Ligand SMILES: [Mg+2]
Ligand SMILES: [Zn+2]
């Protein structure tokens, strides 16, 4: 944690907090029966409730509440059995009712925490302040017409979880690690797909700078940053801007800003300028949300094994290095694939094969773990052939590539290409006799004490046997014959 | 006796006995509307063709001996209830030509039960008013006249003034109305008819243009207590589309009207004796209590110490909710749009042109009491006083089955008399507002005339979801009062 | 607390209601009249009283997660004063 920005007046430390808006995975919207799928025809997934027609009323979706509770449990957070929905009042083109239904005073989830790991292998705990449920807004398209903005309300009313962190992060790297870890947890829980490109996960970044030992200075909120990379860049850019403001004798104004990736700078957000008196009050169309303990317990019992626990288990049960385990659990699908391959086999060999040749092939061919270049079963089969000495390690590589190309199971490839390793000593002796005969001079040098020639004889023998000789046997026989 | 003079119950009996057809009945009301509505302005929209279609369908059903509770009964629908395919205005210019693609739950329930809709009744803009003078479609004339001054145009009360005037003038057998601070009970009292605001949650709010969501309740107005009971029986019921709708069965309200009050304990809140309350109101109140005593009820003094704060509490809570509820009228998805140089300007010009003076005042008051720095002093404090007011009623209903008070501090007043003083206008609702804050049922029943020959009403308040006791007490007052006076202007 | 003209303008702005300069004084008088009358609530001792948001004495009912609505773009757009194809339109917004 020695990251600082060097200014004219010395080193500045960063204080970073994240507000992440995560779109809840549900069939229908938070308060209406309209669908939530991404990319539908404009305004085709809009009910009169979403469009705030006269007399329309909200009715809450149980699954959205369940997803928020699951997420809270996954963040080791306190679940509030009494929470309430408030109205956040402001006028905007994609906010049909003129207010957003959110949870201001009484969120459904209270304080929790996330453990992040940094490149140097160190870990840090980042505090979660709260998680609350709220409605997403619609979408304004500003580039369709020279004088008009177009409004699509498909997204209006979709459930969001706003997950607010403590200002516990001090470097862009920590913010990136936090965002990646949060994404992994949400995907494990199945409460958000974490797709930042489609906007189902968006980050508002709160940044301030200070001299070492100081209290907090004024922060700015950089809104809707939509990739981990941009979040890290936005923090850097905003922090540098603030340092310049302070050092030029100015005052940083608390304001909402936007990050412009192209120019690598942040700028004030015009549309938010005068929106800052939201007049929150309890939504009179809704009643307090009261959760019963039994239901919470039921949801808890249904939670999957989360990444931290899985990683610890991989280290413990499979004897993997912590780093490898971390790579394998980053995505639930990868972890499951790995376990299918590793079950009842050499778990380390399985990890090496997966993280080596398999990942290489997957990336080379632009495939994914859901659509792998080689099935888990075949990959296991390949490991079995090595284990039972049907083939040796060098041949295994060749077989794997053939599997990728042909999609054939390993055994079939070994048979077709006749790649079984030779364990019949007769055949090996014959091969070795030929080699020694053809290299009588070298045999003499060896016997004369040039031990390092032994490797040469092994190589020649393997060559003669097209690589299929059992390495151990070849060694034994050579030793004996060269005596 | 003319068809339009029948009560809803009488008309229903004649329809079922095939003594009259719905087409005849509906035709008679449409004819009366044609004659009188230009003057009274009780209807904003008259749906004659649709009404006759519905009437013929009702007759076909009746001919087959199939009928629902309201088959063939012509009604007026307050223009706050969204009606599919029929323009709905909320008495405002801001909805412009808005035609709802949906039917409010309450009006849909009435259609389900066979009712015929004559048209959409006039109202104060967004139900904000007590005289119907804030309607963008003009005031409504109260069909009643002062004996001494028959030319003066009196207000019908509000906000359901069109509904009440239409029923009083025999331009409908009954009407839907809504009550946020007295908008059913006060116009009913001013027009010499009955009207009930049921318990909050009894009637669905879905599809009814919202004023103040935590206070709004739909209810009927009609010429008799029994007619109100019949209508409420159809309007009420659980609606999963309204999160505040109560999931409980709808009792037989009409049956409750015949119960009598023998052995019931009736509360009289001493705090309702306002200083300066007119003698005739005082006298009417005493008379009503005597009638109930004679009918076998026990009259008990109760105390509602915080109700004197109900009105100012209401004028924080209702505008606060309204300022948010009316934000959706922004000229983007429906209704009026006045173009501006940018979006904010479009909003401001649309809302400046679309909202009337009273709505603007309330939206601004509501915006102010919720704004940064004032929330605690106004809105939060009002919510706490509201809790105290509810506790008043909870305690009182620990001792009594119902509470009886005057419906209004005065009889109907003249158009224009109170428009320049908002607070004086607000005082109309001093007796009715507490029931909305507490969510309890309240009914106004015509009980007599004042010296000018104008109707006065008594209010019966009941426990939450005990409308049956309210109907029983109201019906007893109605029987004793034998109110038979008729308005000067009627079909 | 009594409103000055600046506050009246600020409130009107927050409420998105255009107010002509000439109307400000009248509005200020009316609003202050109402607020002055409302302030009698300050007499009430509300120490330790739990605020009451609504009259419905229940907790929130939850619905099932099934798609029951949408697919009615034509009806949603039918009343729109500004429209281009399947979109609502407003004057261009700068973010
Ligand atoms: Mg935020
Ligand atoms: Zn948010």
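FYI, it's all coordinate maths here, none of it is from the lab. Treat the numbers as computed from the prediction; the structure is a model and nothing was measured. All Cβ positions, even for glycine, are placed from backbone atoms using ideal geometry, and neighbour counts span all protein chains on display.
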> Modelled label-to-label distance, residue A:370 and residue A:265, 7 Å Cα→beta-carbon offset: nm?
Replying inline: 4.0 nm
> Using a Förster distance of 22 Å, how high is the FRET efficiency between residue B:248 and residue B:394, based on the Cβ-Cβ distance and rounded to 0.05?
Replying inline: 0.75
>> Given an 8 Å cut-off on Cα distances and at least 6 residues of separation, report the relative contact order of the stretch B:35-115 as a percent.
In response: 28 percent
> Tell me, what is the percent relative contact order of chain B, built from C-alpha pairs under 8 Å that lie six or more residues apart?
Replying inline: 18 percent
>> Ignoring everything except DSSP H segments at least 4 long, calculate the 222 nm mean residue ellipticity for chain A; use -39,500 (n - 2.57) per segment, divide by total residues, nearest 500.
In response: -11500 deg cm²/dmol
> Where both partners of a DSSP beta bridge lie in the protein assembly as shown, what percent of those bridges are antiparallel, to the nearest 5?
Replying inline: 80 percent
> In what order do A:338, A:318, B:309 fall by count of nearby beta-carbon atoms within 10 Å, going from fewest to most?
Replying inline: A:318, B:309, A:338
>> Using only the alpha-carbon atoms, how far is helix A:425-438 inclined from the longest principal axis of chain A? Give it as 0 to 90 degrees, nearest 10.
In response: 70 degrees
> Of C:79, C:45, C:32, which is the most mobile in a GNM of chain C whose springs link Cα atoms less than 10 angstrom apart?
Replying inline: C:79
> Between the stretch B:214-264 and the stretch C:14-33, how many Å separate their Cα centres?
Replying inline: 41 Å
>> Using the basic label-point model (7 angstrom from Cα toward the beta carbon), what is the residue A:81 to residue A:437 distance in nanometres?
In response: 8.9 nm
>> Test of understanding: what is the full-extension gain from residue A:384 to residue A:417, defined as 0.36 nm times their sequence separation minus their Cα-Cα distance?
In response: 10.1 nm
> For the Cα atoms of chain A, what angle does the longest principal axis make with the long axis of helix A:172-189, in degrees from 0 to 90, nearest 10?
Replying inline: 90 degrees
> Once you put a point 7 Å from the Cα of residue A:444 and another 7 Å from the Cα of residue C:32, both along the Cβ direction, what distance in nm separates them?
Replying inline: 12.4 nm
>> To check you understand DSSP bridge types, tell me what percent of the beta bridges within chain B (both residues inside) are antiparallel, rounded to 5.
In response: 65 percent
> Can you tell which of C:15, C:55, C:73 shows the greatest fluctuation in a Gaussian network model of chain C with Cα springs below 10 Å?
Replying inline: C:73
>> Taking 51 Å as R0, compute the FRET efficiency from the Cβ-Cβ separation of residue B:485 and residue C:7 and round it to 0.05.
In response: 0.55
> Roughly how tilted is helix A:376-387, in degrees to the nearest 10 and between 0 and 90, from the longest Cα axis of chain A?
Replying inline: 30 degrees
> Counting alpha carbon pairs within less than 8 Å and at least 6 residues apart, what relative contact order, in whole percent, applies to the stretch B:2-153?
Replying inline: 25 percent
>> Give me the inter-chain shielding for A:96-103: mean count of other chain Cβ atoms within 10 Å, whole number please.
In response: 4
> Working out 0.36 nm times the residue gap between residue A:255 and residue A:312, then minus their Cα-Cα distance, what length gain in nm do you get to one decimal?
Replying inline: 16.3 nm
>> I'd like the mean, over residues of C:20-30, of how many other protein chain beta carbons sit within 10 Å of each residue's own Cβ.
In response: 2
>> Can you compute the FRET efficiency between residue A:141 and residue B:300 using 1/(1 + (r/R0)^6), with r the Cβ-Cβ distance and R0 = 60 Å? Round to the nearest 0.05.
In response: 0.35
> Stretched out fully, how many nm does the piece from residue B:53 to residue B:290 gain, at 0.36 nm a residue minus the Cα gap?
Replying inline: 80.5 nm
> If you count, for every residue in B:91-102, the Cβ atoms of partner chains within 10 Å of its Cβ, what is the mean?
Replying inline: 3
>> Report the Cα centroid-to-centroid distance between the stretch B:1-55 and the stretch B:309-343 in angstrom, as an integer.
In response: 36 Å
>> Using only DSSP helix segments of four residues or longer, with each worth -39500 (n - 2.57), what per-residue ellipticity at 222 nm results for chain B after dividing by its residue count and rounding to 500?
In response: -11500 deg cm²/dmol
>> Please give the Cα centre distance for the stretch C:40-62 versus the stretch B:92-144, rounded to the nearest Å.
In response: 31 Å
> What translational D, rounded to a whole number of µm²/s, comes out for the protein assembly as shown from Stokes-Einstein when the hydrodynamic radius is the Kirkwood one over Cα pairs, at 37 °C and 0.692 mPa s?
Replying inline: 98 µm²/s
